[in-house]
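Trainee: There's a structure below that I have some questions on.
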Amino acid sequence: MKKLFLMLFATGCFNAALHAQVVPVKNEGTIKNVVNRLQTLSTDRVIEKAYLHFDKPYYNPGDTIYFKAYVTAGEGHELSKISGVLHVDLVSKNDSIMESLILQLKNGLAWGDFALPNYLSKGNYRVRAYTQWMQNEGNAYFFNKTIAVNGKSIAQVSPAKATDNKTDVQFFPEGGTFVTAVPGRIAFKAVGSNGMGVYIKGIVVDNNNVAVAKFTSTHLGMGQVYITPEDGKTYKAKITYPDGSANTIDLPKPEAKGMSLSVNNSDLNKLSIDINANKPYYLENKNKEISVVIYSAGVVKTVKTVLDNQVIGFDLPKKDLKSGITQITLFSESGVPLSERLVFIQNADDLVFTVNSDKITYASQDKAHITLNAKLSENKASVGNFSVSVIDESKVPANEDKESSIFSDLLLTSDLRGYVEQPGYYFNNVNTDTRNNLDILMLTQGYRRFQWKELLNETPAPMAYKPEFGMPIKGTMITKAGTPAPNEKVTLMLPATGQSTTVTTDAAGKFSFTNMEYASGTQFLLNIENKSLRNKAKILLDKTNTALPLSPNNLSEGKVNEKLPEYIGAIVDQPGADKPRALKPVYIKEKLNYKTASLAGAGNADQIIFNKQFKNHPTLSQGLTGIARNIQFTNGKAYLITSAAISGGATVLEPMMVVVDGAITSGDIDNINPGDVESVEILKGANAAIYGLGAGAGVIVINTKQGGSTGEISKEMSPGILSITPQGFYRAREFYSPVYEATKKGSAEGRTTIFWKPNLITNDAGNAMFNYFNDGPGKYRIVIEGIDNAGNIGRAVYKYNVQ
């Protein structure tokens, strides 16, 4: 075996010295092209990623979801200065957008919240986050997180059942090549119809049915088997499933002539890389140049040599690679990628959090004093803006193997194709087993960043989406006849301060006030400056925000069903829940893409009425009269004409249940301003039955524009002068943390999130502190996450008891 000794490791492209001799470079132009393409990818097509830290792992109806957003730029994960706007959507379990927020990013940071309706059915909801710049890569780098919500709904929406219980098993030769007479490692992955890993075992037999190897999955359906294929033979895997059933699958056919790339990642300090050519390939390509290209965190490095031995190897120090996924590719002399291997570098954390409490054990409602020290590996202080959550783990049990973290998301799952089950397992308690299983994961998952064929042979698509820096206010000025009004001045004024700015319409009558910074609820005045035109023209406003449409295919976990954990925190009682009646399952129909808080989900109402049909009426009941089919309105209450009850021998109409943003309210709908309502859904019969016994007379679901959605509020004050309240940046709620007096402590409040602070800032010494009052007895869990000003990622979990 020929061993290469790495003499130089630069931050760009480097050459390895081979036995202290100078190697003639024959394909410098070809490999230089590869390196240039990769470097261009890193500099000209910078990717943004988003990670959201949530206050707890799952929720109850009526809870508030608090989160902190970290948006990074580039593969070094530095906080992004590219985008100034982050879009965050709360998605129902039926794949409709319930609420959309627009957050202002400051140095890649923002925070917000979603208030869950009190009456919300149990299931997997989602939070999606993205910037406009991310759309240049499709939805590959959108943040998607499944949010489990527990509830006491009378009936559940039933998803379509799997067509069979078939387990999908795939085999992956290391580096993508399986070469005759070369020792090979083949990884495998078994996935059930629910998207989760399945334990399997079996044997590998050759075409003579002779057993050559045994295998068994070691973690979540994944495992590996070692085989040295013989010339002229083929191989099959005979698999046994947990239920005793069996199956036989053909393994990839060995290449009669070829070369393999293998990487040993078991050493904590180095990667051992071996290139192994079988004899026919070696004789045909002897003394031809080959290259290994290493791509790590946006940095490109190369090792070049000649094929003067069947086995060539070298070691790569891990200290020179950043934590995360490294791609290693073997190229031929002509620049053709022959073999590729992903490895995960898991160096010691650059950023270390040390958390301490003033007590080991607290009494109920005691005040806790917590200190944080953030230091880098070289013992330098770390300055950054972090987030901290404290939960009562006895009420909200957390499975640290299953939950994602800032490490698993930014370093692992965001760069891999497909679903990664239990991502926290690879980071919570790192040991030999977790490292070995993570290496097998690298053999079975695809890389998201690029594919060599597209990178080397295709012209990169232009960056169609530009970064957003603020909220635009756009519109069109037209005459009463509907023709554009070009070259006319439009002034935007903020009445609260008197500030104003003026723009001129273009040839199509369009105008735009760009990069505005204002909060939702801010009122402006739009003024047509040409007074002679005010009675002859009008302004049509564009919507400031339209959430991107959803489809089941762009949700990374769309086919995965996990059992919800038991959440023993208080759940809002629901009327009629004590005596539920037997109901038929409700199945998901074709989905319409609109925000809804209905338990039946979008597209399952008997009638949907949108804002434009009633917004100009003084009351909601007047606006719905004549539009809502078979419903009459009296004193702000809605009555389904076909529903009647016998009372004292007389037949009377029974009022419909009213649900506003998911919460059951009093039946008077005229307490709601029609302009604040986005849509009204009418549920009758079986569709209303999901709300239980109180819904016998039907349900009227009112979805308001709260939290900012697609609606815009505008009103013409006088000809040519318009009062507008466009959707702006969302103002996050302040987390409520109670204060107890030492002499007046009461009973525990049953809080599950004890404390939440999205902006915990360390000083120049890397120190920060925070205080809060505990609730009742339990096991408390502090989680601190974040990225410091230099792009170092950190996370710490600290636990203590309250008696």
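The values are calculated or read from the model by the stated rules, or taken from the named source; none is laboratory data. What you are looking at is a predicted structure, and each value in this text was computed from that prediction instead of being measured. Counting neighbours? That spans all protein chains shown, and the Cβs are built from the backbone with ideal geometry, glycine included. The accessibility values were calculated without ligands, DNA or RNA, using every heavy atom of the protein model including side chains. Shrake-Rupley method; radii C 1.70, N 1.55, O 1.52, S 1.80 Å.
Trainee: Compute the signed sum of charges (Lys and Arg +1, Asp and Glu -1) over the other residues within less than 11 Å, Cβ to Cβ, of ALA597.
Mentor: Residues close to ALA597 contribute a combined charge of -3.
Trainee: In the structure shown, do any of LYS375/LYS395; LYS233/LYS257; LYS543/LYS684 have a Cα-Cα gap over 24 Å, and if so which?
Mentor: Over 24 Å apart, Cα to Cα: LYS375/LYS395; LYS543/LYS684.
Trainee: Please grab the % of Cα pairs in the stretch 208-292 that end up more than 23 Å from each other.
Mentor: Counting every Cα pair in the stretch 208-292, those more than 23 Å apart make up 44 percent.
Trainee: I would also like to ask the following. Which whole number in µm²/s is D for the stretch 352-423 by Stokes-Einstein, with the Kirkwood Rh taken over Cα pairs at 37 °C and 0.692 mPa s?
Mentor: Here the translational diffusion coefficient equals 211 µm²/s.
Trainee: A further question on this structure: Per residue, how much space in cubic angstrom lies within the convex hull of the C-alpha atoms of the stretch 413-464?
Mentor: Hull volume over Cα atoms, normalised by residue count, gives 107 Å³.
Trainee: How many times 2.2 N^0.38 Å is the alpha carbon radius of gyration of the stretch 166-250?
Mentor: So the stretch 166-250 has a normalised radius of gyration of 1.07.
Trainee: Per residue and in Å³, how big is the convex hull formed by the alpha-carbon atoms of the stretch 97-148?
Mentor: With only Cα atoms used, the stretch 97-148 gives 100 Å³ per residue.
Trainee: Working from the pairwise distances between different alpha carbons, so that the mean of 1/r is found and then inverted, what is the stretch 320-383's Kirkwood radius in Å?
Mentor: Across the stretch 320-383, the inverse of the average 1/r is 16.3 Å.
Trainee: Something else: Tell me, what ³J(HN,Hα) does each residue in the stretch 198-214 have, in order and in whole Hz, if you take phi through Karplus 6.51 cos²θ - 1.76 cosθ + 1.60 with θ = phi - 60° and put x for Gly and Pro?
Mentor: Using θ = phi - 60°, the values come out as 10, 5, 9, 8, x, 9, 9, 10, 8, 5, 9, 6, 8, 5, 10, 6, 10 Hz.
Trainee: Quick one: how many Å² of LYS489 are accessible to a 1.4 Å probe, rounded to 10?
Mentor: Near enough 120 Å² of accessible area.
Trainee: Right, something else. Can you give the Kirkwood hydrodynamic radius for the stretch 603-645, in Å, rounded to one decimal and based on Cα pairs?
Mentor: The answer is 11.3 Å.
Trainee: Distance from the Cα centre of the stretch 40-106 to that of the stretch 220-251, in angstrom?
Mentor: 41 Å
Trainee: Just check the stretch 33-191 against the gyration tensor rule for me: Cα atoms, a ≥ b ≥ c as the square roots of the eigenvalues, rounded for a/c under 1.5, and otherwise prolate or oblate depending on whether a/b exceeds b/c.
Mentor: Because a/c hits 1.5 or more and a/b fails to exceed b/c, the stretch 33-191 counts as oblate.
Trainee: Against the 2.2 N^0.38 Å scaling, with N counting residues, where does the stretch 222-261 land? I'd like the Cα-based Rg ratio to two decimal places.
Mentor: 1.46
Trainee: Averaged over all directions, how much area does the convex hull of the C-alpha atoms of the stretch 37-96 cover when projected, in nm²?
Mentor: If you wrap the Cα atoms of the stretch 37-96 in a convex hull and average its projections, you get 6.2 nm².
Trainee: Compactness ratio of the stretch 439-513: Cα Rg over 2.2 N^0.38 Å, N = residue count?
Mentor: In units of the 2.2 N^0.38 Å rule of thumb, it is 2.07.
Trainee: Further question: Which whole number of Å³ per residue matches the convex hull of the alpha-carbon atoms in the stretch 380-481?
Mentor: Here the figure is 324 Å³ per residue.
Trainee: Semi-axes of the stretch 259-378's equivalent ellipsoid from the Cα gyration tensor, sqrt of 5 times each eigenvalue, largest first, rounded to whole Å?
Mentor: Here the semi-axes work out to 48, 13, 11 Å.
Trainee: Averaged across orientations, what area in nm² does the convex hull of the alpha carbons in the stretch 313-447 project?
Mentor: Averaging across all directions leaves 12.1 nm² for the Cα convex hull.
Trainee: Percentage of Cα-Cα pair distances in the stretch 61-142 greater than 17 Å, rounded to whole percent?
Mentor: 50 percent
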